[in-house]
Amino acid sequence: MTTVEGRPETQRTALRLEGITKRFGTTLALDSVSMEVAEGEVRALLGRNGAGKSTLISVVTGLLTPEEGTLAFPAGEEDGLRSDQRVACVYQKSTLVPYLTAAENIVLDAYPKNRAGLVDWKAAREKARSLLDEWGAEDIVDALVEDLEPLQRKIVEVCRALGTGARILLLDEPTAGLDGDATRTLFHRMSELTRQGITIIYVSHYLEEVFEVCRTVTIVRDGRVVMTDSLEGLRVPDLVDAMVGEEAAARESQVPALEPADPDDAPILSVSRLGIDDVVTDFSVEIRPGECVGLVGLEGSGLFEAARAIAGLDRYDQGAISVRGRPVPRGDVMRAIRAGIGFLPEDRHASGFVPEMANEENATISVLNRLTSRIGLIRPSARRAVYADLSSAWEIKQSSFDQYTKELSGGNQQKVALARAFASKPDVLVLANPTAGVDVSAKASIVESIAARVASDRTACLIVSTDESEFEPCSRVLIMYRGRLIGELEAPWTEHVLAAAVQGDLGESQGAFENPETTES
Amino acid sequence: MSYSALTKTVETVPAAPKPVSRWRQILRDLALIPVIVIVFIVGAVFVPNFATPNNIVSNILSVSAVLGVAVVAQSIVLIGGYFDLSAQSVIGLAPMLMVWLYTTDGGVGVVSNPWLAILSALVLGAIVGLVNGLLVGRLGMNAFIVTLAMLILLQGFTLGISGGQTFTDLPPAVAALGFANVLGIPVDVLILVLVVAIAAVFMRFAPTGRRIYAMGGNKEAARAAGINTLRMTIGLFIFSGVVAAFAGLMLSARIAAVTSSQGNNIIFTVFAAAVIGGISLDGGKGTIIGAATGVLLLGMIQNILVLSAVPSFWIDATYGAIILGALLIGSPQVRGMFSKLIPARMRR
């Protein structure tokens, strides 16, 4: 661990972690992590999914107790707060109560009381007003949170977090859902906070932002701190290097990519100039038989919205989608399935399967009409036969076909959700996060199965993911950045290149699109 | 392509939870059968005239017929993830509208064709269902509060158009339903059996039936799988309204009259029977056969209470206590507590 240079000697340390180790079962989530943040500093905390970032945040906020190591707050020892009150946390997901006013949300965990033990509303509003005042937002004191703008809600969250007296503020993806102006305002306010001696730990996937607001950075990888440095003189690729690591950066995919499509083949899926509100702009892709194309981007870049629109789950405003030259009706999943599109939703628990339903039924629920007898009832033997094929193709481990899907392991649940997408024998597959939240061996098995089926059935496959490691079968991958396609990479690529590309940084590579419309930004 | 040649990974399945096999499912459907048998034996031993064929068919089953039909419809709505409290008011208003349109004796008598009058009752049920369905499905309002408001509104209508009177001038077809029988079995009992059988097959084997389960079990997953949840929601409420109207006609036929308080309070018993029969209020769970056993159990208990010496003013309280008891017995937590009391070796 290198020390941060240029720090004035007089500055006190706000937060000090020494040798923090945390295990979950046999997994070492944090391995002797040490970190020091000075008072009034804005420190970026970066790491890829699974690097240990969330565990570290939980330790700092007091949600988790480490097995080894110490956590200290030297600068605030005299203020009499419990250690779990010293760090105020604002998470990406709102924790506000929408139907209460901004003031009540701010005092929610410590209502001022009068002598009768009832809420002292006057004091509550005064307290909220003085906190909001620092943000120039005292006029929203009595507004209902549900009526507020995204930035105002974020401000209310920060005020509530600081209302308990904490001097360290942890911001987790604070700009998610904010537009450019709101983001700038937030950054401006953050710098004012630091001038008052508030220390900020800043977590974001958007590395560009980090350079705008942070002075120093700590990067975790595999449960270890791999870099702590001043951001001065560093560039986005340097951070990506540290986050990905040399091994992963050098490693190419283990499953060979499918052959690039024959350019003479007519495309099966054609998406042209798809537009959804201000979320997705001008999204076009053509996929040919037996071709697997990736679509990568950061959370919130619009990639899942594009996937849902192709699947008929969401409506879109502009553009057209066609399968084998025939237009696909918009906003109707069943007609998209009939048109030949199979879809795996990005979150299997939210929409991939019905928990208390047999695997056999979950996998076949989209194709029941093909399994009926003349009087319109399902033929159980036909359903069983269809599922038997799916189950063996995906190697689903289950005690019986009747077993409830909720009883399976995560990997096998995901295979049931995938089987559902494949059940209609689609010409086009849109697979969002196909291996999210499954263990390593299941991941390998899923990726192989997808590649094998796409190759043998000559389907057109679009893999949509925020995880750079999910594109192994793809012969090319499209990069989505803030709602637009900014480029395309051809296999082979490294995770490092993808990790930089989703930051909007295509480097020297030839894949960047020359799009006159994007040059304005 | 050489993917099959690549490493075949052996997955470590985490400690597998107990699988639910088809047989366990069937056993769960019939979980109430032992209780029904016990209640039957108790009734047969202690209550004179209980275990006679005539009592069983023309009292227990016939009295349960209206309840049973209503429970089947409500169960399907519950499986789909919704409530329809307004069913109770449709049971009252549909026959009231019919008789009000049909009879000149206290009604407006504008519809002299009895079949048209009957049709108007069913159409009313459909319209009420459509409104409920649009409010819940299209506008995303809460089914509980929408159908509660509808219940209050329609019950008010029933009282309003009837002026509190009782009508006995029913269309002949409805009147006949009340005393017709086939081979000595009352027609309403046959209707009940038929409705249960059709609904059970439909919910188990018809694609739409399975889609209703999927919607109630996870609406987003159902939508992503291509199920048109809006259309199905509206369809469920229309179905519920029409069946409730039909149940109202059956009830009027039974008592050979339409009263202004017809159907009042039946919704509580409908929910009690469905839940005792294993239908979950969370949606997606339970079966029609299970719900039917719930109806049978409540019908037997009510019959026993009527036949036995329980003072009539205390019947409701006793009935309520028994429903509460049945819910306790059916609760997995309570069963878990009891199974802890039994030594492990005896449980096998």
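Which one of the conditions (1) among the basic types (Lys, Arg); (2) surrounded by 16 or more Cβ atoms within 10 Å (Cβ to Cβ); (3) within 11 Å of chain B (Cβ to nearest Cβ) does residue A:379 fail to meet, given that it meets all the rest?
Residue A:379 satisfies all of (1) among the basic types (Lys, Arg); (2) surrounded by 16 or more Cβ atoms within 10 Å (Cβ to Cβ); (3) within 11 Å of chain B (Cβ to nearest Cβ) except (2).
Check segment A:15-22 and report whether any residue there is closer than 30 Å to residue A:499 by Cα and surrounded by fewer than 14 Cβ atoms within 10 Å (Cβ to Cβ).
Yes, segment A:15-22 contains a residue that is closer than 30 Å to residue A:499 by Cα and surrounded by fewer than 14 Cβ atoms within 10 Å (Cβ to Cβ).
From the list B:75, B:86, B:62, exactly one residue is of a type in the set (Ser, Thr, Tyr) and touching a strand residue (DSSP E or B) at 6+ places or on another chain (Cβ under 7 Å). Which is it?
One residue alone meets the criteria, B:62.
Name the residue that is nearest to the other protein chains (Cβ to nearest Cβ), counting only residues in segment A:408-432 that are of a type in the set (Gly, Ala, Ser) and part of a helix (DSSP H, G or I).
A:411
Considering only residues of segment A:434-453 that are assigned to a loop (DSSP other than H, G, I, E, B) and within 13 Å of chain B (Cβ to nearest Cβ), which is modelled with the highest pLDDT?
The selected residue is A:435.
Could you tell me whether segment B:67-82 includes any residue that is within 24 Å of the chain's Cα centre (by Cα), at negative phi and in a loop (DSSP other than H, G, I, E, B)?
Looking for residues that are within 24 Å of the chain's Cα centre (by Cα), at negative phi and in a loop (DSSP other than H, G, I, E, B), one finds at least one in segment B:67-82, hence yes.
Among the residues that make up segment B:216-238, is at least one of them more than 14 Å from chain A (Cβ to nearest Cβ), of a type outside the set (A, V, I, L, M), buried (at least 20 other Cβ atoms within 10 Å of the Cβ) and under 20 Å from residue B:134 (Cβ atoms)?
yes
Give me the helices (runs of 4 or more DSSP H) completely within segment B:104-196, filtered to those with at least 1 residues that are under 30 Å from residue B:232 (Cα atoms), ordered by residue number.
The qualifying helices (runs of 4 or more DSSP H) are B:114-133, B:143-162.
Just a yes or no: is a residue in segment A:399-407 over 23 Å from the mean Cα position of the chain (by Cα), crowded, with 24+ Cβ neighbours inside 10 Å, more than 9 Å from chain B (Cβ to nearest Cβ) and polar (S, T, N, Q)?
Checking segment A:399-407: at least one residue is over 23 Å from the mean Cα position of the chain (by Cα), crowded, with 24+ Cβ neighbours inside 10 Å, more than 9 Å from chain B (Cβ to nearest Cβ) and polar (S, T, N, Q).
This table checks each residue for (1) surrounded by 24 or more Cβ atoms within 10 Å (Cβ to Cβ); (2) modelled with pLDDT of 90 or more; (3) acidic (Asp, Glu).
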residue: A:468; (1), (2), (3): no, no, yes
residue: A:471; (1), (2), (3): yes, no, no
residue: A:476; (1), (2), (3): no, yes, no
residue: A:479; (1), (2), (3): yes, yes, no
residue: A:484; (1), (2), (3): no, yes, no
residue: A:491; (1), (2), (3): no, no, no
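Under the condition of being outside any loop (DSSP other than H, G, I, E, B) and of a type outside the set (A, V, I, L, M), which residue from segment A:306-341 is farthest from the other protein chains (Cβ to nearest Cβ)?
Going through the qualifying residues, I end up with A:318.
If you go through segment B:270-285 one residue at a time, how many are outside any helix (DSSP H, G or I), among the small types (Gly, Ala, Ser) and under 14 Å from residue B:82 (Cβ atoms)?
3
Does residue A:86 fit the bill of being closer than 25 Å to residue A:197 by Cβ and either touching a strand residue (DSSP E or B) at 6+ places or on another chain (Cβ under 6 Å) or surrounded by 14 or more Cβ atoms within 10 Å (Cβ to Cβ) (or both)?
Answer is yes for this residue.
Within segment A:342-360, is there a residue that is under 22 Å from the mean Cα position of the chain (by Cα), of a type in the set (A, V, I, L, M), within 11 Å of another protein chain (Cβ to nearest Cβ) and surrounded by fewer than 24 Cβ atoms within 10 Å (Cβ to Cβ)?
yes
Here are some residues: A:270, A:284, A:301. Which one is of a type in the set (Ser, Thr, Tyr), under 20 Å from the mean Cα position of the chain (by Cα) and at negative phi?
Checking each option against the conditions leaves just A:301.
So, in segment B:249-269, exactly how many residues are under 13 Å from the mean Cα position of the chain (by Cα) and over 16 Å from residue B:132 (Cβ atoms)?
Residues in segment B:249-269 being under 13 Å from the mean Cα position of the chain (by Cα) and over 16 Å from residue B:132 (Cβ atoms): 3 in total.
The values are calculated or read from the model by the stated rules, or taken from the named source; none is laboratory data. Note that this is a predicted model, so its numbers are computed, not measured. Glycine gets a Cβ as well: all are built from the backbone with ideal geometry, and neighbour counts include every protein chain shown.
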